[in-house]
Amino acid sequence: MIQFDHLKKSYGTGADAHEVLHDINLTINDGEVFGFLGSSGAGKSTLVRTINLLERPTEGKVVIDGKDVSHVTGHDLAELRTKIGMIFQDFNLFQQRTVLRNVTFPLELAHRPKAQRIERGKRLLRLVGLEGFEDRYPSQLSGGQQQRVAIARALANEPKIMLCDEATSALDSTTTVQILDLLRRINRELGVTLVIITHSLSVARNICDRVAMIDGGNIVETGETAALFANPQSDILKALIASAEEQNGRDEDEDGKPVEPAGSDTDDAKTAANTEEAR
């Protein structure tokens with residue numbers, strides 16, 4: 001369980017201080033997929049990065065499994081971060097390393113034996129549908145395949161929590177659906193708690209159990225995804241839903257049928273087929 005207890009975050013000091021998170025109180029339950037939804041600059045990434053202390057709260061607490069981790073340092077901080085995986089919009093892969101060596105990098109830092117690293121790395125690549133890609137380099141992969149490598153790497157240390165920072169924003173719509181399906185399967189089969197940062201209503205709707213709407217550093221409403229989107233209370237969420245409905249209308253042809261998105265990733269479609277076979 002992750003709890004934010006009266007959490008605040010400011011940059012600068014004294015008269016120059018700028019508070020970007022205002023008195024956040026929230027609980028994320030074990031094993032759920034929780035989404036933070038908001039526009040750019042709303043504070044959602046800053047809040048999520050307090051979980052692994054890439055951002056330290058100025059006031060208040062981050063409590064994980066009953067332990068206040070807000071001020072841990074040194075070995076305790078390193079131990080905390082091994083249990084929290086993270087994936088990013090731009091993949092953050094090492095271009096000079098093969099796919100397998102990207103996945104096993106966290107295990108190298110943990111000084112695991114080489115044979116153990118290789119075995120786990122190959123097992124994770126099978127999980128994400130990339131068996132046989134071990135010796136390729138990131139530049140030889142599609143965007144969706146690179147994100148699968150990043151997901152496998154984030155799972156290397158068997159984390160309890162995975163933070164996903166706009167993990168599908170750089171992908172086309174077809175590949176986004178495939179990556180969301182993979183993340184949901186990881187949540188279901190491995191019991192990993194997923195914390196999703198997104199500005200996309202469709203991403204939140206397709207994967208999140210619950211959603212918190214953030215605006216101006218405040219959580220303006222929280223609830224189960226379907227119920228929240230069916231009956232939004234905040235002006236910002238109402239506006240986002242109205243904008244999405246207007247966009248959906250533009251994406252239909254004259255007969256009201258959806259227009260297929262251009263530029264879908266054929267390589268990733270093959271990967272998805274391989275994943276189905278691996279299941």
Problem - Matching option when the condition is out of contact with any His (no Cβ under 8 Å at 6 or more places or on another chain), modelled with pLDDT of 95 or more and not in a helix (DSSP H, G or I), among L125, L163 - result: L163
Exercise for the section: Kindly provide the set of residues from region 43-85 that are under 18 Å from V192 (Cβ atoms), among the hydrophobic types (A, V, I, L, M, F, W, C) and part of a helix (DSSP H, G or I), ordered by number. Expected result: V48, L80
Practice task
Could you check, for region 186-208, whether at least one of its residues is surrounded by fewer than 22 Cβ atoms within 10 Å (Cβ to Cβ), without any contact (Cβ under 8 Å) to a residue 60 or more places away in the chain, in contact with a helix residue (DSSP H, G or I) (Cβ under 8 Å, 6 or more places away or on another chain) and closer than 19 Å to L93 by Cβ?
Solution key: yes
Exercise for the section: Return a yes/no flag: does region 23-30 have any residue that is assigned to a loop (DSSP other than H, G, I, E, B), out of contact with any Gly (no Cβ under 6 Å at 6 or more places or on another chain) and surrounded by fewer than 17 Cβ atoms within 10 Å (Cβ to Cβ). Expected result: yes
Practice task
Please work out which one of (1) within 18 Å of the chain's Cα centre (by Cα); (2) more than 23 Å from L190 (Cα to Cα); (3) at pLDDT 95 or above is the condition Q140 fails and give its number.
Solution key: (1)
Practice task
Might you let me know whether region 128-146 holds any residue that is among the polar types (S, T, N, Q), touching a Leu at 6+ places or on another chain (Cβ under 7 Å) and not in a strand (DSSP E or B)?
Solution key: yes
Exercise for the section: Kindly indicate the residue of region 43-96 that is touching a residue at least 60 places away in the same chain (Cβ under 8 Å), buried (at least 16 other Cβ atoms within 10 Å of the Cβ) and of a type in the set (K, R) and also farthest from R112 (Cα to Cα) among those meeting that condition. Expected result: K44
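The values are calculated or read from the model by the stated rules, or taken from the named source; none is laboratory data. On a predicted model such as this, the values are computed, not experimentally measured, just so you know. So basically every Cβ, Gly included, is an ideal-geometry build from the backbone, and we count neighbours across all protein chains shown.
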